[in-house]
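Take a look at the structure set out below.
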Amino acid sequence: MKKIMLVGEWKSGKSSLIRCLSGGDYRPRKVFALDYHGCFINTPSEFLENRRFYPSLITASADCGALLFVQAADRCTSQLPPQFASMFNRLVLGVVTKIDLPGARVPLARRFLENAGVRRILEVSAVTGAGIADLKLALGGLPG
Ligand SMILES: Nc1nc2c(ncn2[C@@H]2O[C@H](COP(=O)(O)OP(=O)(O)OP(=O)(O)O)[C@@H](O)[C@H]2O)c(=O)[nH]1
Ligand SMILES: [Mg+2]
């Protein structure tokens with residue numbers, strides 16, 4: 001199966017999302033490196049936050065069928081640069097996480113992802129499980 005790489009800022013919900021999509025047994029390694037788990041590649045938030053690491057993201061994406069740009073709905077800023085998706089010659093899906101939070105601002109999170117050049121955006125909660133089935137479908141039906 002082609003790999004799926006997650007890119008998102010600090011505490012945006014990348015690891016929780018991998019846990020939901022893969023059935024719960026993912027424990028991220030606390031190292032500053034790409035982290036492989038099944039068909040998922042987790043990336044350190046610094047790889048998005050510091051453009052010096054963009055080449056590492058581009059190289060890793062060569063192995064991938066899809067990328068997920070992760071934006072938390074409780075944030076009022078985004079580290080995703082304009083048209084960031086165009087750097088990757090791959091399917092890029094946007095994922096708005098933490099939609100269960102009372103202060104969630106889903107439309108704002110969607111706008112950040114659109115600004116990053118993402119065409120298809122899904123809304124999920126790793127806590128309630130909302131939207132996870134749709135995301136699996138969009139990724140071509142993951143097992144579990
Ligand atoms: N309410 C709520 N909390 C969430 C959700 N997803 C993640 N969290 C919480 O947000 C925090 C960060 O989640 P992680 O999955 O560790 O985020 P991350 O992007 O992997 O974080 P780093 O690897 O440290 O950059 C944790 O306390 C999670 O429990 C969600 O959908 N809803
Ligand atoms: Mg993590």
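Just a few scattered comments:
- Probing with 1.4 Å while keeping every protein chain in the model, the per residue accessible area of the range 3-138 equals 50 Å².
- Rounded to the nearest 10 Å², the accessible area of Phe88 at probe 1.4 Å: 10
- The residue among Val118, Val92, Ala60 whose Cα reaches farthest toward the positive pole of the charge dipole of the chain, with charges on the beta-carbon of Lys, Arg, Asp and Glu, is Ala60.
- Each of Arg52 and Lys2 was given a label point 7 Å from its Cα along the Cα-to-Cβ line. The distance between the two points is 3.3 nm.
- Rounded to the nearest 0.05, the FRET efficiency derived from the C-beta distance between Asn89 and Tyr36 at R0 = 30 Å is 0.90.
- Within the chain, all pairs of alpha-carbon atoms sorted by distance into 10 Å bins from zero give the percentages 12, 48, 36, 4.
- Sorted largest first, extent of the range 1-48 alpha carbons per principal axis (Å): 25, 19, 16
- Considering only Gln83, His37, Leu48, the residue lying farthest towards the positive end of the dipole of the range 18-100 is Leu48, judged by Cα position with unit charges set on Cβ.
- Surface share of carbon and sulfur [accessible, 1.4 angstrom probe, percent] for the range 1-116: 52
- Dipole magnitude of the range 3-138, debye to nearest 20 (Cβ charges: Lys/Arg +1, Asp/Glu -1, about Cα centre): 100
- Going by accessible surface with a 1.4 Å probe and the largest first, Tyr26, Tyr36 read Tyr36, Tyr26.
- Summed residue charge, Cβ within 11 Å of Ala130's Cβ, Lys/Arg positive, Asp/Glu negative: -2
- Nearest-10 value in Å² for the accessible area of Thr59, using the 1.4 Å probe: 100
The values are calculated or read from the model by the stated rules, or taken from the named source; none is laboratory data. This is a predicted model, so every value here is computed, not measured. Every residue, glycine as well, gets a Cβ built from its backbone with ideal geometry; the counts of neighbours run over all protein chains shown. Only protein heavy atoms, including side chains, enter the accessible area calculation; ligands, DNA and RNA are left aside. Shrake-Rupley method; radii C 1.70, N 1.55, O 1.52, S 1.80 Å.
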